[in-house]
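A.B. asks: Next up is a structure, given as structure tokens.
The values are calculated or read from the model by the stated rules, or taken from the named source; none is laboratory data. Here the structure is a predicted model, which means the values were calculated and not measured. A quick note on method: Cβ atoms are made from the backbone with ideal geometry, for glycine too, and the neighbour counts reach across all protein chains shown.
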Amino acid sequence: MAEMDERTQAAAKKAAEGIATTMPKVNPKTGQLPDLFTGKFGVFEVLIDDPVYGEELRAIKAALEAGNTALADDLWNRSKWGRLDSDAQQAYLMRLENSDLYKERLKSWMIGIKRALLQRGLKADDKTLEDYYIRGIDDLTIIDELTSGITAKGAAGEAADALSDLRTTARNNGFSLEKDFAGQVDGWLQRISRGESVEDFKRLIRAQAKLGLPEKVGTLLDEGLDLANVFQPYRTRMANLLELTPDAISLDDPLLRSAYAQDKEMSLYDFQRAVRKDPRWQYTDNAREDVSNVALSVLRDFGFQG
């Protein structure tokens, strides 16, 4: 066991001597270490007291001064600064120098990213955007992060357009988007802003609308029609007879829904007869006129009218 200890100690001593030969030596004339920050460590001096990166870089410097390059390399690879790409490092250094070049590049980048955000209905203040810039975060990642904050309540730009489209589809299928899909709308808008098609979510609304309806109606909805399109001829005829606007007749109206049975749809003539049997029809001018015409006809038949 003692022999093993001696071998271990000898190997460790030899390894230490090998490392020592690679370490920088104190200049006997100046009493100072040579510049430890050449090469990849060349930026340390201007960052050594930086509030964001300084602490980690001081630890790397201490490891170098202690002759532990392996530790220095490990700390570098794990440091926030070491993980930045070269563009982000350059941008940060230019900001520290308060250079005109930094300001010019930042301004140019902000113009572009703000235009991209506006198109999608996204917003971020200048401070937040500058932080993204100096961290080297790419535009797509920025948009993706900000997209997570999109809601129906504050939708703008493309999100607002999508919201309007979804509302129309919901209304045309007998739904209220905010009430019937309340837990899903924000997520839909965020996914649309990330590149998914609004048509995918309109199909989800139609799929909900076709539940319980005849197969033929479901097939029409699958083809991209809305219930308002499918029932339009019957809705218009019913509105005329009941002296209402078509929009005043709900797509859930049982009489309207009766136009389509499981086996076939009703003819407009038969549907018109069904509307006239509905209690609502008797209170219309159409009904009163029909009654008057019938009464007049009876009187004529009995010779009381010329």
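Residue-wise test of (1) surrounded by 17 or more Cβ atoms within 10 Å (Cβ to Cβ); (2) at pLDDT 90 or above; (3) touching a Phe, Trp or Tyr at 6+ places or on another chain (Cβ under 8 Å); (4) farther than 22 Å from Gly157 by Cα.
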residue	(1), (2), (3), (4)
Ile48	no, no, no, yes
Glu56	yes, no, yes, yes
Leu75	yes, no, no, yes
Ser79	no, no, yes, yes
Leu84	yes, no, yes, yes
Gln89	yes, no, yes, yes
Ser99	no, no, no, yes
Asp131	no, no, no, yes
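A.B. asks: Of everything in the range 259-283 that's surrounded by fewer than 16 Cβ atoms within 10 Å (Cβ to Cβ) and among the hydroxyl-bearing types (Ser, Thr, Tyr), which residue is modelled with the lowest pLDDT?
C.D. replies: Restricting to residues being surrounded by fewer than 16 Cβ atoms within 10 Å (Cβ to Cβ) and among the hydroxyl-bearing types (Ser, Thr, Tyr), the top hit is Tyr283.
A.B. asks: Continuing with the same structure: Does Asn98 fit the bill of being closer than 29 Å to Leu227 by Cα and either in contact (Cβ under 8 Å) with a residue 40 or more places away in the chain or outside the structural domain of Glu223 (by TED's automatic domain parsing) (or both)?
C.D. replies: no
A.B. asks: Going by the structure shown, is Gly121 in contact with a Gly (Cβ under 6 Å, 6 or more places away or on another chain) and surrounded by 20 or more Cβ atoms within 10 Å (Cβ to Cβ)?
C.D. replies: Yes.
A.B. asks: In addition: Can you pull out every residue in the range 224-240 that is surrounded by fewer than 16 Cβ atoms within 10 Å (Cβ to Cβ), farther than 22 Å from Leu166 by Cβ and free of Cβ contacts under 8 Å to residues at least 24 places away in the same chain?
C.D. replies: Thr236, Asn240, listed by residue number.
A.B. asks: OK, next. At pLDDT below 90, buried (at least 18 other Cβ atoms within 10 Å of the Cβ) and assigned to a helix (DSSP H, G or I) - does that describe any residue in the range 168-180?
C.D. replies: Within the range 168-180, not a single residue is at pLDDT below 90, buried (at least 18 other Cβ atoms within 10 Å of the Cβ) and assigned to a helix (DSSP H, G or I).
A.B. asks: Being in contact with a helix residue (DSSP H, G or I) (Cβ under 9 Å, 6 or more places away or on another chain) and of a type in the set (Val, Ile, Thr) is the filter here; which residues of the range 211-264 pass it?
C.D. replies: Val217, Val230, Thr236, Thr245, Ile249
A.B. asks: Is it true that Ala124 is under 26 Å from Arg191 (Cα atoms), hydrophobic (A, V, I, L, M, F, W, C), without any contact (Cβ under 8 Å) to a residue 24 or more places away in the chain and touching a Leu at 6+ places or on another chain (Cβ under 8 Å)?
C.D. replies: yes
A.B. asks: Given Leu251, Leu221, which one is crowded, with 18+ Cβ neighbours inside 10 Å, assigned by TED's automatic domain parsing to the domain that holds Arg167 and under 26 Å from Lys202 (Cβ atoms)?
C.D. replies: Checking each option against the conditions leaves just Leu221.
A.B. asks: Out of the residues in the range 129-160 that are out of contact with any helix residue (DSSP H, G or I) (no Cβ under 8 Å at 6 or more places or on another chain) and part of a helix (DSSP H, G or I), which is nearest to Ile113 (Cα to Cα)?
C.D. replies: Leu140
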